[in-house]
Amino acid sequence: MNHEAPLWELMDTGIYFNLANVLMITVASLIVFIIAVAATRQLAMKPTGIQNFIEWVMDFVKNIINSNMDWRTGGRFLMLGMTLIMYIFVSNMLGLPFAVVVGHELWWKSPTADPAITLTLAVMVMGLTHYYGIKMRGGKAYAKTYVQPMGFLFPLKIIEEFSNTLTLGLRLYGNIYAGELLLSLLVGLGTSSVFGALGAVIPMLAWQGFSVFVGSIQAFIFTMLTMVYLSHKVSDDH
Amino acid sequence: MLTSNFVLGAAAAHFNGGDIIYQLVVFIVLLALLKKFAWGPLMGIMKEREQHVASEIEAAEASRKEALQYLEEQREIVKQSRTEAAQLIENAKKQGEAQREDIINQARAEAERVKESAKREIVQEKEKAVAALREQVASLSVMIASKVIEKELSVADQEKLINEYIQEVGEER
């Protein structure tokens, strides 16, 4: 349960790497890359098999974007949205089947069960919203969004930016971390005794199923909110 | 070497900024790689399909229009040929009528002509026969007369007699 992270410091610079995170980020990215490339290796006008799946994902993200902004401005975010949703979904799923503990260090887990990772993604997304807000509408229009519709809302708008970032990252982290924590507790119960195993089997199955559901929903929500925040910044009318 | 650098039991004390950098870099690399190897081609094929569908729809629309036009043309042709046929039949009827009239008239004229010539011939034949008869009767009567009445008879008397006989013969006939 309370496992430590395998930390490693980069040449005494004070920059620490959680090697478990590094491993899992790499694994998740590799899986996403392999799935995406395998799905788009043999592209045909008449889609079959896995191409149908990847096109369904694309349509899904397209719908998310279209529900927030018109396609003329939102079309450029399609690749970001697809990468985000697939990466987060795969990351969420990685921690479900098993957790690998070597010594006292937890090596195999969801990368999204770490607040640093999810907040990195959230900050990256919020950074992108500001970048595209300035790039597509100009600095003046971008600055104006902070005093609209009323000037006295300016402090609230500033707070909103930070709270958006925080909630976007922590929502994902909380859901996934809680799921993994409960799973590891159930595993602890299951391995304690025969009766414990009997008692843990049913909740374990239920919770794993629920975690799959939660992981999918969180991937969807993260992508959805990314598009919502982007549309707030790049759309003229909202 | 690597494991000796692990800081055990002090996880909470260290801010793992390396993870943040690593996550950021990996995500951007992943985004770039996927853009190049997966999403780009996928979007390309989807756009291609979109265009294909659009062009197919356009082609179908065009061919439908063409078919409609063709149908209209055919309809026009059928209509035209129908009127033409009706006209032809009408013409043929008229011609037949005229021909019939013509033939009948011709036949009538021919019949008239034949009748006329037959009449004429009859009259001619009759006259010829009468003349021949008259001649024959004359010579016969002369012969008879000369044979029966072998007495002197003046030419005038003779002629008178002959005429009397002929008259009788003519009345009996």
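The values are calculated or read from the model by the stated rules, or taken from the named source; none is laboratory data. Values in this document were obtained by computation on a predicted structure and should not be read as measured data. With ideal geometry, Cβ positions are generated from the backbone for all residues, glycine too; neighbour counts draw on all protein chains shown.
Some observations on this one:
- Any chance B:ILE103 is at pLDDT 95 or above and not aromatic (Phe, Trp, Tyr): no
- Hey, A:VAL22 modelled with pLDDT of 85 or more, out of contact with any strand residue (DSSP E or B) (no Cβ under 6 Å at 6 or more places or on another chain), within 27 Å of B:GLU48 (Cβ to Cβ) and within 8 Å of another protein chain (Cβ to nearest Cβ) or not: no
- Considering only residues in the range A:212-238 that are outside any helix (DSSP H, G or I) and without any contact (Cβ under 8 Å) to a residue 60 or more places away in the chain, the one that is surrounded by the fewest Cβ atoms within 10 Å (Cβ to Cβ) turns out to be A:ASP237.
- Qualifying residue in the range B:121-135 (condition: more than 22 Å from B:VAL169 (Cα to Cα) and surrounded by 10 or more Cβ atoms within 10 Å (Cβ to Cβ)): yes
- Residue within the range A:200-211 that is polar (S, T, N, Q), modelled with pLDDT under 90, more than 17 Å from A:LEU94 (Cβ to Cβ) and in a helix (DSSP H, G or I) present: no
- Every condition in (1) of a type outside the set (Phe, Trp, Tyr); (2) in contact with a Lys or Arg (Cβ under 6 Å, 6 or more places away or on another chain); (3) over 25 Å from A:ASN175 (Cβ atoms) holds for A:GLY95 except the one numbered (3).
- Residue pairs whose Cβ atoms lie under 7 Å apart, sitting 6 or more positions apart in sequence or on different chains, and linking a residue in the range B:25-38 that is part of a helix (DSSP H, G or I) to a partner that is at pLDDT 90 or above and among the polar types (S, T, N, Q), are B:VAL26/A:THR26; B:VAL26/A:SER29; B:LEU30/A:SER29; B:LEU30/A:THR83; B:LEU31/A:THR83; B:LEU34/A:THR83.
- Checklist (1) of a type in the set (Gly, Ala, Ser); (2) surrounded by 13 or more Cβ atoms within 10 Å (Cβ to Cβ); (3) more than 30 Å from A:LEU94 (Cα to Cα) applied to A:GLY138, failing item: (2)
- Subset of the range A:167-199 [closer than 26 Å to A:PHE89 by Cα and in contact with a Leu (Cβ under 6 Å, 6 or more places away or on another chain)]: A:LEU168, A:GLY169
- For the residues B:LYS115, B:LYS147, the requirement of being at pLDDT below 90, out of contact with any helix residue (DSSP H, G or I) (no Cβ under 9 Å at 6 or more places or on another chain) and part of a helix (DSSP H, G or I) singles out B:LYS147.
- Of the numbered criteria (1) in contact (Cβ under 8 Å) with a residue 24 or more places away in the chain; (2) of a type in the set (A, V, I, L, M, F, W, C); (3) surrounded by fewer than 16 Cβ atoms within 10 Å (Cβ to Cβ); (4) in contact with a Leu (Cβ under 8 Å, 6 or more places away or on another chain), the one A:TRP107 fails is (3).
- Residue match in the range B:10-23 (condition: of a type in the set (A, V, I, L, M), modelled with pLDDT under 90 and closer than 22 Å to A:LYS46 by Cβ): no
- Among the residues of the range A:181-238, those that are among the polar types (S, T, N, Q) and more than 19 Å from A:THR118 (Cβ to Cβ) comprise A:THR191, A:SER192, A:SER193, A:GLN208, A:SER231, A:SER235.
- Taking the listed residues A:ILE50, A:ILE64, A:ILE31, A:ILE54, the one that is more than 10 Å from chain B (Cβ to nearest Cβ), touching a Ser or Thr at 6+ places or on another chain (Cβ under 8 Å), β-branched (Val, Ile, Thr) and touching a residue at least 12 places away in the same chain (Cβ under 8 Å) is A:ILE64, with no other qualifying.
- Residues located in the range B:45-55, provided they are farther than 13 Å from A:GLU55 by Cβ and within 11 Å of another protein chain (Cβ to nearest Cβ): B:GLN51, B:HIS52, B:VAL53
- Qualifying residue in the range B:58-76 (condition: assigned to a helix (DSSP H, G or I), under 58 Å from the mean Cα position of the chain (by Cα) and either hydroxyl-bearing (Ser, Thr, Tyr) or modelled with pLDDT under 90 (or both)): yes
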